[in-house]
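Shown next, in structure tokens, is the structure this report addresses.
Quick note: the coordinates plus some simple rules give every number you see, no bench work behind them. Just so we're clear, the structure is a prediction, and the values are computed from it rather than from any experiment.
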Amino acid sequence: MIHISNKTYEVVVDHKNGWKPDALRDRYSEVLERYDFIVGDWGYNQLRLRGFFKDTHPKATKETSIATLQDYLNEYCNFGCAYFIIEKVPNKQQANQPQETTEQADQEQLEPPANEQAQGEQRESSANREQQREPSTNREQQRETQQPQQNQNQQPRRNHSNNQHKENNQNQTSQRPHRNQHHKQAQQQKQAQQNQQQHVKQ
């Protein structure tokens, strides 16, 4: 067991005494923290480190999966070299955290927060209010549209009545001179008859 950068590793394979803790500490970098396995191989008295994921890890690829370790040793390492493999040991807190988080997530999915319920109720109430307001606004709009139409309909009637009143006045004024003429003619005829009668008597 070895502790590096708050991580705990366990030696899984030590081939030809390749495991050197001090050399690992010198060559270790933060990039290797994300990997499940670290492979260290020796060549010309120098240690080279390479990280690998478990087969089930979502980030594992063909080159970074531990299943392809033998291909890596055959292609990139010196033939018959000494090497070691260490595996990262998960902490107890880290192992327990995923279960707790999944349980919390399930509870959150089954039981929505109170804030969301309150927001949903507020939205429903506001939507109902808007629906209630829409008929009143439509009625007001209809009234506004009907009033101009009524005014327009009333204006022609008023104009028509005014025109009729003017025509009647004109007819009355035009009839008055005719009546006066008839009256004068009748008076003249009476005077002529009276004059004739007096002349006959004489």
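The stretch between Phe79 and Gln46 holds 10.4 nm of extra length on full extension. This uses 0.36 nm per residue minus the Cα-Cα distance.
Taking θ as phi - 60° and the Karplus parameters 6.51, -1.76 and 1.60, the scalar couplings of the stretch 26-40 work out to 5, 9, 5, 9, 5, 4, 7, 5, 7, 8, 7, 10, 10, 10, x Hz in sequence order, x denoting glycine and proline. For the residue pairs Lys16/Lys54; Lys7/Lys88; Lys54/Lys88; Lys20/Lys88; Lys7/Lys62, the alpha carbons lie more than 19 Å apart in Lys16/Lys54; Lys7/Lys62. In terms of its alpha-carbon gyration tensor, the stretch 1-89 comes out oblate; a/c meets the 1.5 threshold, while b/c is at least as large as a/b.
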